[in-house]
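First comes the structure, then the notes that go with it.
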Amino acid sequence: MSIIVKFFVAPDDTSAGMAVQTGPGRAFESLSFGNFDPEEAVVEWECLLTGGSFEELIAAGEPRIVAGQDDDGCVVFAISPRLFTALADAEHSRLSDVAVSWSRLRAEDGEVIDAEIADAIVGGLAALVSNARRQNQSVYCWVA
């Protein structure tokens, strides 16, 4: 799997959607990762942080696609308001617990994500969300 994942801060869907072809670049504060399915991950993180089921979130249309198509092209999707709030409000120890649980979930499906890397991803995203909240902006994800 070779996937580029960039979570980024943007003021609205229109601004975020403009990043679909080339990524968020320097115009937006961002975090770069790779080699995991971020659409599946944000749903799993929301389940781990807030309860609910994976199936319910998928049926509700999460994650919400802002631009692009999910058929081997670039896509931009929004972090749900519920996940945004949960990440911004979570204590560091809770985020670490979520990262470990997510790492285990991925291992059950045969995908190896080291617990330290999972912690860096979840913790980094929580910090990005906190910054976005202070700026009254939202967080999106660009996937290529």
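The values are calculated or read from the model by the stated rules, or taken from the named source; none is laboratory data. It should be emphasised that the depicted structure is a prediction, and the values quoted were computed from it without experimental measurement. Glycine also receives a Cβ, built like all others from the backbone with ideal geometry; neighbour counts cover every protein chain displayed. Only protein heavy atoms, including side chains, enter the accessible area calculation; ligands, DNA and RNA are left aside. Shrake-Rupley method; radii C 1.70, N 1.55, O 1.52, S 1.80 Å.
Being touching a residue at least 24 places away in the same chain (Cβ under 8 Å) and of a type in the set (Val, Ile, Thr) is the filter; apply it to segment 1-23 and report the residue that is surrounded by the fewest Cβ atoms within 10 Å (Cβ to Cβ). Looking at the filtered set, the residue picked out is Ile3. Might you check whether a residue that is open to solvent by less than 70 Å² (accessible area, probe 1.4 Å) and part of a loop (DSSP other than H, G, I, E, B) occurs anywhere in segment 82-99? Taking every residue of segment 82-99 in turn, at least one turns out to be open to solvent by less than 70 Å² (accessible area, probe 1.4 Å) and part of a loop (DSSP other than H, G, I, E, B).
Are any residues in segment 24-44 within 18 Å of Ala132 (Cα to Cα), open to solvent by less than 30 Å² (accessible area, probe 1.4 Å) and either at pLDDT below 95 or of a type outside the set (A, V, I, L, M) (or both), and if so, which ones? Within segment 24-44, Pro24 is the sole residue that qualifies. For segment 26-49, a residue qualifies if it is polar (S, T, N, Q) and over 14 Å from the mean Cα position of the chain (by Cα), but none of them does. Of the listed requirements (1) of a type in the set (Val, Ile, Thr); (2) assigned to a helix (DSSP H, G or I); (3) farther than 25 Å from Ser96 by Cβ, Val42 misses just one: (3). Would you mind stating whether Arg64 is touching a residue at least 24 places away in the same chain (Cβ under 8 Å), within 15 Å of the chain's Cα centre (by Cα), farther than 19 Å from Leu31 by Cα and open to solvent by 60 Å² or more (accessible area, probe 1.4 Å)? Against the criterion (touching a residue at least 24 places away in the same chain (Cβ under 8 Å), within 15 Å of the chain's Cα centre (by Cα), farther than 19 Å from Leu31 by Cα and open to solvent by 60 Å² or more (accessible area, probe 1.4 Å)), Arg64 does not qualify. The set of residues from segment 51-60 being at positive phi and open to solvent by 40 Å² or more (accessible area, probe 1.4 Å) comprises just one member, Gly52. Taking into account only those residues within segment 67-81 that are among the small types (Gly, Ala, Ser) and open to solvent by 20 Å² or more (accessible area, probe 1.4 Å), which is modelled with the highest pLDDT? Step by step, filter segment 67-81, then rank; the result is Gly68. Pairs meeting the criteria (first residue in segment 79-93 and within 15 Å of Arg134 (Cα to Cα), second residue of a type outside the set (Val, Ile, Thr) and open to solvent by 80 Å² or more (accessible area, probe 1.4 Å), beta carbons under 8 Å, at least 6 apart or on different chains) are Phe84/Arg133; Ala88/Arg133. Among the candidates Glu108, Glu91, the residue that is among the charged types (D, E, K, R) and under 15 Å from Phe36 (Cα atoms) is uniquely Glu108. The one condition from (1) in contact with a Phe, Trp or Tyr (Cβ under 9 Å, 6 or more places away or on another chain); (2) among the β-branched types (Val, Ile, Thr); (3) at pLDDT below 95 that Val112 does not meet is (1). Annotation: Gly23 fulfils all but one of (1) more than 19 Å from Ser80 (Cα to Cα); (2) within 13 Å of the chain's Cα centre (by Cα); the unmet one is (2).
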